[in-house]
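These notes are about the structure you will find just below.
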Amino acid sequence: MQISQMQTYAQSKLITAVKFIESGCSPIVIELSYIKDKAVHRELLRRGGDVVTCKCLEQAYNICRDAGIHQAELVQTMTHDEAGADYTRAGEQPAMSLRF
């Protein structure tokens, strides 16, 4: 989803969930869940053809606040081999609710 679409969908109250996904030492990406044509879709936020990445939560907050979004979930995963040895979700921490 493009940033301009995010702003339009947020104003129309079509965005149902926002996740800030932080995987290991990688930058944070923003995943949006929204309703379109009576179906729920999930997409990463994009600028042009590139996925938007944030170095810190403050950058992610600012992008969302500019669109009128004031809450999200922070999902953190460890990508180390030890964390994923048993099964693929072993390194995922419980999501943390954020309001900003």
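The values are calculated or read from the model by the stated rules, or taken from the named source; none is laboratory data. The shown structure was predicted, so the numbers you read here are calculated from the model rather than taken from an experiment. No Cβ is skipped: glycine too gets one built from the backbone with ideal geometry, and neighbour counts run over all protein chains shown.
E82 meets each of the listed conditions (1) more than 17 Å from M1 (Cα to Cα); (2) modelled with pLDDT of 90 or more; (3) exposed (fewer than 12 other Cβ atoms within 10 Å of the Cβ); (4) of a type in the set (D, E, K, R) apart from (2). Taking the stretch 8-35 as the range and being surrounded by fewer than 15 Cβ atoms within 10 Å (Cβ to Cβ) and over 13 Å from the mean Cα position of the chain (by Cα) as the test, the residues that pass are T8, Q11, S12, K13, G24, C25, S26, I35. Residues in the stretch 85-100 that are at pLDDT below 85 and within 21 Å of Q7 (Cα to Cα): 1 in all. Within the stretch 7-24, being closer than 13 Å to C64 by Cα and in contact with a strand residue (DSSP E or B) (Cβ under 6 Å, 6 or more places away or on another chain) holds for Y9, I15, A17, V18, K19, F20. If the condition is being modelled with pLDDT of 90 or more, in a loop (DSSP other than H, G, I, E, B) and in contact with a strand residue (DSSP E or B) (Cβ under 8 Å, 6 or more places away or on another chain), then the stretch 68-79 contributes I69, H70. Of all residues in the stretch 4-20, those being closer than 20 Å to G48 by Cβ and either in contact with a Phe, Trp or Tyr (Cβ under 6 Å, 6 or more places away or on another chain) or touching a residue at least 24 places away in the same chain (Cβ under 8 Å) (or both) number 4. Select from the stretch 43-67 the residues that are in contact (Cβ under 8 Å) with a residue 24 or more places away in the chain and part of a strand (DSSP E or B) and write down the one among them that is surrounded by the fewest Cβ atoms within 10 Å (Cβ to Cβ). Restricting to residues being in contact (Cβ under 8 Å) with a residue 24 or more places away in the chain and part of a strand (DSSP E or B), the top hit is R47.
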